[in-house]
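Read through the structure below, which is laid out as structure tokens, and then see the notes.
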Amino acid sequence: MIPQWFIEEKRDKKTHSEVDLREWIAGVTNQTLPDYQIAAWLMAVYLNGMTDSEIAILTDAMLHSGETIAFHLNRPTADKHSTGGIGDKISIPLAPLCAALGLAVPMISGRGLGITGGTLDKLESIPGFNVHLSITEFKRLTETIGCCMIGQTETLAPADRRLYALRDVTGTVPSIPLITASIMSKKLAEGADTLLFDVKVGNGAFMKSLPEARSLAHHLITTGQTLGRTCRALITDMNQPLGRTVGNALEVKESLEILRGEGPEDVRHLTLLEAAHMANAAKLFDTPEQAYEYAETLLKNGKAMEIFQKMCHAQGGNPEAPLPKPACTKTIYAKNSGFVTSVHAEKIGKIALTLGAGRVKVSDTPDPAAGIEHLVQQGEAIAKGDRLCTLCASTETCLAQAAEQIYQAITIADAPAPKSKRVYEIIEHP
Ligand code: URA
């Protein structure tokens, strides 16, 4: 394979052969291809796309660019991937809940960048929680406890790390073939047989429209099925944040409420729904409804919480220790009465970033205590002077900047708006 001919092939909208694609990814992994040629090819893919078969081969080649994990357990393995959203803390209660349902959940998560938070940053706000375990320890805890949550290792899908870094600086992140191969190569490497995708759509998500979200869901499922996994996708709303908290420790606090059978209804329902579909897709239950009902009892009777606490202790964390507290807080009050007709996810995400809860660049360290809590939700009736939310930060300057922006993110009108949908579609077959 001559690199420039390979690039020209995609520039001219042609289809790559399997042999060439695999050789290309080998060159990405072993550093024999220079950045400029990879970058040119990424832009050609961004502009001209790939066939389903090319995406499956690319994914498989990226998946085998490093170590892969295999489980031989007497229960099914399953995991989920969310494309990311504001206040999306579902993975934290979901993994132990699925383990309580009888699944094994080997979960490798990412860090947040920009306005979307990452599960690892949230977990690390629990004092002592270690997300850097060896693969041997990851496997052992998944087998013995039923779930384990760690970060990406150097050895899993290394081709993705190089490609993603180049995409990040060449305007080629929002490409469905590249996103699909990136997500799937990492998810398939961790060894789960069943995968659930939560594809978020809305102003606070990667995918802004339903057709785009459907297309990504279709490609994730098709690629997973071609490579031998059972896959299902939910398309869920990200025009408003999930729950009443945004920010790392604050989201852990809300996740613990869910595990105690409490917490906001939208977070509780999505956690149960995702668990139900994972358990049903993995054939533990005949219907998602049966699994949902049983999962509800596991939240109420404390079994899911028990597993969370075991996982936390096994990973060095202390679930009873106080979570980081902000140095300063400011409560924001409604200036007029009415109904909350929208809480704009993207604007809330940017406010959380102003407060210090996220990362603008990869090297930033988020403030674990920063964020927003007691956030009102769409549909609520509000009287003048009621609390809209409480802002948490480490400096008064951050608080003052964020306080100015909050009224632009929350709309209060005289009449209630129709309640917006939280789950748009459930896709089993592409
Ligand atoms: N998440 C990933 O892991 N990769 C992408 O390309 C986009 C989101």
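The values are calculated or read from the model by the stated rules, or taken from the named source; none is laboratory data. In this text, all values refer to a predicted model and were calculated from it rather than measured experimentally. Because the Cβ atoms are built from the backbone with ideal geometry, glycine has one as well, and the counts that use them run over all protein chains shown.
Figures for the structure shown
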read-out: Complete set of residues in segment 169-184 that are more than 15 Å from Ser215 (Cβ to Cβ) and either assigned to a loop (DSSP other than H, G, I, E, B) or more than 8 Å from the ligand (Cβ to nearest atom) (or both); value: Val169, Thr170, Gly171, Thr172, Val173
read-out: So Thr136, is it outside any helix (DSSP H, G or I) and either over 24 Å from Lys303 (Cβ atoms) or among the charged types (D, E, K, R) (or both); value: no
read-out: Criterion violated by Ala189 - all others in (1) in contact with a Lys or Arg (Cβ under 9 Å, 6 or more places away or on another chain); (2) more than 11 Å from the ligand (Cβ to nearest atom) satisfied; value: (1)
read-out: Tally of residues being assigned to a loop (DSSP other than H, G, I, E, B) and not aliphatic (A, V, I, L, M) across segment 185-195; value: 3
read-out: Hits in segment 223-265 - residues which are out of contact with any Leu (no Cβ under 7 Å at 6 or more places or on another chain), surrounded by fewer than 19 Cβ atoms within 10 Å (Cβ to Cβ) and closer than 27 Å to Met50 by Cα; value: Gln225, Thr226, Gly228
read-out: Residue among Leu166, Leu141, Leu133 that alone is of a type outside the set (S, T, N, Q) and within 16 Å of the ligand (Cβ to nearest atom); value: Leu166
read-out: Out of Gly191, Gly171, sole residue that is among the small types (Gly, Ala, Ser), surrounded by fewer than 19 Cβ atoms within 10 Å (Cβ to Cβ) and at positive phi; value: Gly171
read-out: Enumeration of residues in segment 196-226 that are on the phi < 0 side of the Ramachandran plot, outside any helix (DSSP H, G or I) and either more than 13 Å from the ligand (Cβ to nearest atom) or modelled with pLDDT under 95 (or both); value: Leu196, Val201, Asn203, Gly204, Ala205, Phe206, Met207, Lys208, Ser209
read-out: Residue satisfying condition, being among the polar types (S, T, N, Q), touching a residue at least 12 places away in the same chain (Cβ under 8 Å) and out of contact with any Pro (no Cβ under 7 Å at 6 or more places or on another chain), within set Thr297, Thr331, Thr287; value: Thr331
read-out: Enumeration of residues in segment 308-342 that are in contact with a strand residue (DSSP E or B) (Cβ under 7 Å, 6 or more places away or on another chain) and among the aliphatic types (A, V, I, L, M); value: Met311, Ile332, Ala334, Val340
read-out: Criterion (closer than 21 Å to Gly358 by Cβ, surrounded by fewer than 15 Cβ atoms within 10 Å (Cβ to Cβ) and acidic (Asp, Glu)) met by exactly one of Glu404, Glu428; value: Glu404
read-out: Residue in segment 241-248 that is within 16 Å of the ligand (Cβ to nearest atom) and farther than 20 Å from Thr68 by Cβ present; value: no
read-out: Test for Arg161: is it assigned to a helix (DSSP H, G or I), within 13 Å of the ligand (Cβ to nearest atom) and free of Cβ contacts under 8 Å to residues at least 60 places away in the same chain; value: yes
read-out: The listed residue being in contact with a helix residue (DSSP H, G or I) (Cβ under 6 Å, 6 or more places away or on another chain), modelled with pLDDT of 95 or more and not β-branched (Val, Ile, Thr), out of Gly356, Gly338, Gly349, Gly371; value: Gly371
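Residues checked against (1) surrounded by fewer than 17 Cβ atoms within 10 Å (Cβ to Cβ); (2) of a type in the set (A, V, I, L, M); (3) in contact with a Gly (Cβ under 8 Å, 6 or more places away or on another chain); (4) not in a strand (DSSP E or B):
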{"site": "Val340", "(1), (2), (3), (4)": "no, yes, yes, no"}
{"site": "Lys347", "(1), (2), (3), (4)": "no, no, no, yes"}
{"site": "Lys350", "(1), (2), (3), (4)": "no, no, no, yes"}
{"site": "Leu353", "(1), (2), (3), (4)": "no, yes, yes, yes"}
{"site": "Lys361", "(1), (2), (3), (4)": "yes, no, no, yes"}
{"site": "Ile372", "(1), (2), (3), (4)": "no, yes, yes, no"}
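Every residue, every condition in (1) aromatic (Phe, Trp, Tyr); (2) within 20 Å of Ser17 (Cβ to Cβ); (3) modelled with pLDDT of 95 or more; (4) surrounded by fewer than 23 Cβ atoms within 10 Å (Cβ to Cβ), yes or no:
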site: Ala39; (1), (2), (3), (4): no, no, yes, yes
site: Ala44; (1), (2), (3), (4): no, yes, yes, yes
site: Leu58; (1), (2), (3), (4): no, yes, yes, no
site: Gly66; (1), (2), (3), (4): no, no, yes, yes
site: Ile69; (1), (2), (3), (4): no, no, yes, yes
site: His72; (1), (2), (3), (4): no, no, no, yes
site: Thr83; (1), (2), (3), (4): no, no, no, no
site: Gly87; (1), (2), (3), (4): no, no, yes, no
site: Pro96; (1), (2), (3), (4): no, no, yes, no
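Residue-by-condition table, conditions (1) touching a residue at least 60 places away in the same chain (Cβ under 8 Å); (2) under 23 Å from the mean Cα position of the chain (by Cα):
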{"residue": "Gln4", "(1), (2)": "no, no"}
{"residue": "Val19", "(1), (2)": "no, no"}
{"residue": "Trp24", "(1), (2)": "no, no"}
{"residue": "Pro34", "(1), (2)": "no, no"}
{"residue": "Trp41", "(1), (2)": "no, no"}
{"residue": "Leu58", "(1), (2)": "yes, yes"}
{"residue": "Leu73", "(1), (2)": "yes, no"}
{"residue": "Ala78", "(1), (2)": "yes, yes"}
